[in-house]
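Here is the structure we will look at, set down as structure tokens.
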Amino acid sequence: MFEFSVVGGATARDVISRSRPQIVREVRTTYLAHDDGDSVNPDSYFLRFPDKPEARIIALPAYLGGEHDVAGIKWIGSFPRNIDSGIPRASAALLLNDYETGYPFALLEASQISAARTAASAVLAAEQLTGSRTAGHLSVIGGGIIARNVLEFFAAQGWKLGGVTVHDQVPEYAEALAAHTAEHLGYQAATTPSLEVALLKADIVVFATTAGEPYVLEANSFAPGQVILNISLRDIGPELIHDAYNILDDVDHCLKANTSPHLAEQKYGNREFITGTLAQHIRGRVTTGTDKPVIFSPFGLGVLDLAVGLHVYREARAAGEAVAIDHFFGETARWPSQQR
């Protein structure tokens, strides 16, 4: 009960890289458990700074029941200016708590876990919404770490892609991701300076940017039947959201913080444009068609971090890669004479 371990980022990355298909299954199971009400997922709390309006640190507490039976919290910082210094935008830690006693039992470097759960949910949604693991062309908007993880999960799931196009406002970022995709994932990859070209040629579009407000506004930006993975949540204008099938991870969570679906709710005064959740789609309770674009908007649930984090912890511990911290707890009994 009083064991405590630390799992570093390099170990987390190694575990993730050798178990991506299992992580997709964990994410699917977690969505269904959340749909069943076997979870507690409060609102995220955003810590913001007056002199850094673009930066934030977010607390995501959660509990996941069933076979997991774990509580915890992810504390994730997003500082976009980091990119100018050549370091990642996001950093994170995940604390896991035993549900029986409430005692924490592991601390994990969680930027890898956060990226993995985001990528796994996107690829799971692509498979569910297209009904296959094949696409003629995939375009990625934003050439950062999240986009790289998404493409790595597509490859790990055995997707056949006719080609990949990367668009980023910074050409060097797009070129780096395209090179990684071609060299390490085996997909034909190219870049384009034109957002319109990237959108036009794609069957599946992945938005993975740091945009704070919509810039994709033209009515014909998306084609009927096109699947849009709206990971960064704020790229798409509310009019485009309104005129599409909309699949969310959780309706109440996603309709806040001026996400594109939230802007659509504010503009139109209702939620009638929402088709349903991914879990409902998996269970056949809602459907999508090919007469309109299909947009998946995942706000990012803390229960996903718990599921992926617990998987990483268990795998690392089984492989002897978790670092045990002896005597982490100063008191293990209410009275000194009962100390264990």
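The values are calculated or read from the model by the stated rules, or taken from the named source; none is laboratory data. Worth saying up front: this structure is predicted, and the values here are computed from it rather than measured. Cβ sites come from the backbone with ideal geometry, for glycine too, and all protein chains shown count toward neighbours.
Tell me, which residue of the range 282-307 that is among the β-branched types (Val, Ile, Thr) and surrounded by fewer than 24 Cβ atoms within 10 Å (Cβ to Cβ) is nearest to residue 41 (Cα to Cα)?
Kept after step one, since they are among the β-branched types (Val, Ile, Thr), are these residues of the range 282-307: 282, 286-288, 290, 294-295, 303.
Still in the running and surrounded by fewer than 24 Cβ atoms within 10 Å (Cβ to Cβ): 282, 286-288, 290.
Values: 282: 20, 286: 23, 287: 25, 288: 27, 290: 33 Å.
Looking at the filtered set, the residue picked out is 282.
Consider the range 211-239. How many of its residues are under 26 Å from residue 17 (Cβ atoms) and surrounded by fewer than 17 Cβ atoms within 10 Å (Cβ to Cβ)?
Residues that pass the stated criteria total 0.
Any residue in the range 190-197 that is touching a residue at least 40 places away in the same chain (Cβ under 8 Å), under 26 Å from residue 299 (Cα atoms) and surrounded by fewer than 20 Cβ atoms within 10 Å (Cβ to Cβ)?
There is at least one residue in the range 190-197 that is touching a residue at least 40 places away in the same chain (Cβ under 8 Å), under 26 Å from residue 299 (Cα atoms) and surrounded by fewer than 20 Cβ atoms within 10 Å (Cβ to Cβ).
Specify which of the listed residues (316, 279) is surrounded by 14 or more Cβ atoms within 10 Å (Cβ to Cβ), in the same structural domain as residue 35 (by TED's automatic domain parsing), touching a helix residue (DSSP H, G or I) at 6+ places or on another chain (Cβ under 6 Å) and under 26 Å from residue 65 (Cα atoms). Reasoning before the result, please.
Details: 279 fails: in the same structural domain as residue 35 (by TED's automatic domain parsing).
Exactly one of 316, 279 is surrounded by 14 or more Cβ atoms within 10 Å (Cβ to Cβ), in the same structural domain as residue 35 (by TED's automatic domain parsing), touching a helix residue (DSSP H, G or I) at 6+ places or on another chain (Cβ under 6 Å) and under 26 Å from residue 65 (Cα atoms), namely 316.
Of all the residues that make up the range 229-253, how many are within 19 Å of residue 31 (Cα to Cα) and aliphatic (A, V, I, L, M)?
The qualifying residues number 6.
With the checklist (1) in a helix (DSSP H, G or I); (2) among the polar types (S, T, N, Q); (3) surrounded by fewer than 21 Cβ atoms within 10 Å (Cβ to Cβ) in hand, flag the one item residue 132 doesn't pass.
(1)
Across the range 10-63, which residue is nearest to residue 306 (Cα to Cα) among those that are free of Cβ contacts under 8 Å to residues at least 60 places away in the same chain, among the aliphatic types (A, V, I, L, M) and surrounded by 15 or more Cβ atoms within 10 Å (Cβ to Cβ)?
59
For residue 169, only one of the following conditions fails: (1) under 23 Å from the mean Cα position of the chain (by Cα); (2) buried (at least 18 other Cβ atoms within 10 Å of the Cβ); (3) not in a helix (DSSP H, G or I). What is its number?
The number of the failed condition is (2).
Of the residues 244, 318, which single one is over 24 Å from residue 36 (Cα atoms) and free of Cβ contacts under 8 Å to residues at least 40 places away in the same chain? Give the steps one after another, and end with the answer.
Details: 244 fails: free of Cβ contacts under 8 Å to residues at least 40 places away in the same chain.
Answer to the check: 318.
As an exercise: evaluate residue 158 against (1) surrounded by fewer than 22 Cβ atoms within 10 Å (Cβ to Cβ); (2) assigned to a helix (DSSP H, G or I) and give the number of the one condition it does not meet.
Every condition holds for residue 158 apart from (2).
I'm told residue 136 meets every condition in (1) in contact with a helix residue (DSSP H, G or I) (Cβ under 9 Å, 6 or more places away or on another chain); (2) in the same structural domain as residue 252 (by TED's automatic domain parsing); (3) small (Gly, Ala, Ser) except one. Can you identify the failing condition by its number?
Status for residue 136: all satisfied but (1).
Which of the residues spanning the range 292-332 are charged (D, E, K, R) and in contact with a Phe, Trp or Tyr (Cβ under 9 Å, 6 or more places away or on another chain)?
292, 326
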